[in-house]
Amino acid sequence: VSAEPQTVAVLGGGTMGSGIAQASALAGCDVAVLELGDVQADAARVRIGRGLDAARDRGGVDASEVAGARDRVRITADVNELADARLVIEAIVEQFEPKFQLLGRVDAVVSPDCLITTNTSAHPITELALAVRDPGRFAGLHFFNPVHAMMVVEVVAAEQTRAGTVDALSRFVERLGKQPIPTKDRPGFLVNRLLVPYLNQALKAYDDGIATREDIDLAVQLGLGYPVGPLALLDRIGLDVHLDATRTAYDQLRDEHFAPPPVLARLVAAGHLGRKAGRGLYEYDEESG
Ligand SMILES: NC(=O)c1ccc[n+]([C@@H]2O[C@H](COP(=O)([O-])OP(=O)(O)OC[C@H]3O[C@@H](n4cnc5c(N)ncnc54)[C@H](O)[C@@H]3O)[C@@H](O)[C@H]2O)c1
């Protein structure tokens, strides 16, 4: 990956894909976003347009930069239109089979030296790497949500990933104005390895009645200097999403710190999924939710 403008293919224009597409276009790359069909492509176009408008409204980028970025993004449902990509970032649904299938299809149309990556949070990079002809140029590129605000990207080396691939991807992350953190391919990589047990402990403290939900969050904010308390953060992440993450990590690591606390499954069963459901550990009215 050189410092020259180049073509990035983003697979999936959902929450993460649209954020990654915006960041890449604002950094001067030409971006092709692959979506499932016309309806999803239209939705992705709206999402990316709104995201770029928001970037302008936050300041830091002016209207002409936003217009330039908008012009550099094209959205397609045809894999063949990704042929000129120099870097592929996969960000479709978090399911192994669709990812594996699509990575193989895209690998067949891009050039042999194109770098291919996945934004998966949970699937082993080493197994997804088997979808492409040359796993040495495959890696994880794990962005955080929301992409524009989160300044770190984990560059996850599969067993097969070549050192040059990690270096080139780290330079790309820097070009987006973010900090690359090279990690090994282990469950949760680095950040979720630290975050998941912490959130589980907060849930247990809440369920044990050690303190009120408000005081648990306040104690962490004021005592540890975190910007958001763990229970409020869980409501933002979605309790169902966290349940899935901690279950998957527990299945792979068999470490009790990752075992889903019973209160979590109970809240999810009750439909208390967090902000998106209007109720999680806290209740939300329409305006705040
Ligand atoms: N949401 C997060 O907080 C977060 C954070 C880090 C990583 N991730 C990972 O990023 C990936 C995407 O997550 P998301 O939250 O953006 O999901 P999302 O559901 O918002 O978006 C997925 C998009 O992919 C499209 N899609 C699905 N199958 C496709 C296919 N075969 N071809 C082309 N497009 C397809 C869908 O139409 C949808 O627009 C997942 O692997 C997830 O684990 C998510």
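The values are calculated or read from the model by the stated rules, or taken from the named source; none is laboratory data. Small disclaimer: the values here were computed from a predicted structure and weren't measured. Cβ placement follows ideal geometry from the backbone for every residue including glycine, while neighbour counts extend to all protein chains displayed. The accessibility values were calculated without ligands, DNA or RNA, using every heavy atom of the protein model including side chains. Shrake-Rupley method; radii C 1.70, N 1.55, O 1.52, S 1.80 Å.
Looking only at the stretch 228-247, decide whether some residue is within 30 Å of GLN22 (Cβ to Cβ), under 24 Å from the mean Cα position of the chain (by Cα) and touching a residue at least 60 places away in the same chain (Cβ under 8 Å). Checking the stretch 228-247: at least one residue is within 30 Å of GLN22 (Cβ to Cβ), under 24 Å from the mean Cα position of the chain (by Cα) and touching a residue at least 60 places away in the same chain (Cβ under 8 Å). For the stretch 12-45, taking the residues that are hydrophobic (A, V, I, L, M, F, W, C) and open to solvent by 70 Å² or more (accessible area, probe 1.4 Å), the one that is farthest from LEU103 (Cα to Cα) is identified as VAL39. When we screen ARG70, ARG86 for residues that are among the basic types (Lys, Arg), in contact (Cβ under 8 Å) with a residue 40 or more places away in the chain and within 19 Å of PHE138 (Cα to Cα), the only hit is ARG86. Selection within the stretch 95-122: residues that are free of Cβ contacts under 8 Å to residues at least 60 places away in the same chain, closer than 20 Å to ASN145 by Cβ and buried (at least 17 other Cβ atoms within 10 Å of the Cβ). The member of this set that is nearest to the ligand (Cβ to nearest atom) is THR120.
Kindly evaluate VAL88 against the criterion of being surrounded by fewer than 18 Cβ atoms within 10 Å (Cβ to Cβ), modelled with pLDDT of 95 or more and touching a Leu at 6+ places or on another chain (Cβ under 8 Å). Answer is no for this residue.
Does ALA158 meet the test of being under 30 Å from GLY28 (Cα atoms), over 17 Å from the mean Cα position of the chain (by Cα) and open to solvent by less than 40 Å² (accessible area, probe 1.4 Å)? Judged against the criteria, ALA158 is a match.
Within the stretch 1-26, being in contact with a Lys or Arg (Cβ under 6 Å, 6 or more places away or on another chain), over 20 Å from THR165 (Cα atoms) and away from the ligand (no atom under 11 Å from the Cβ) holds for one residue alone: ALA25.
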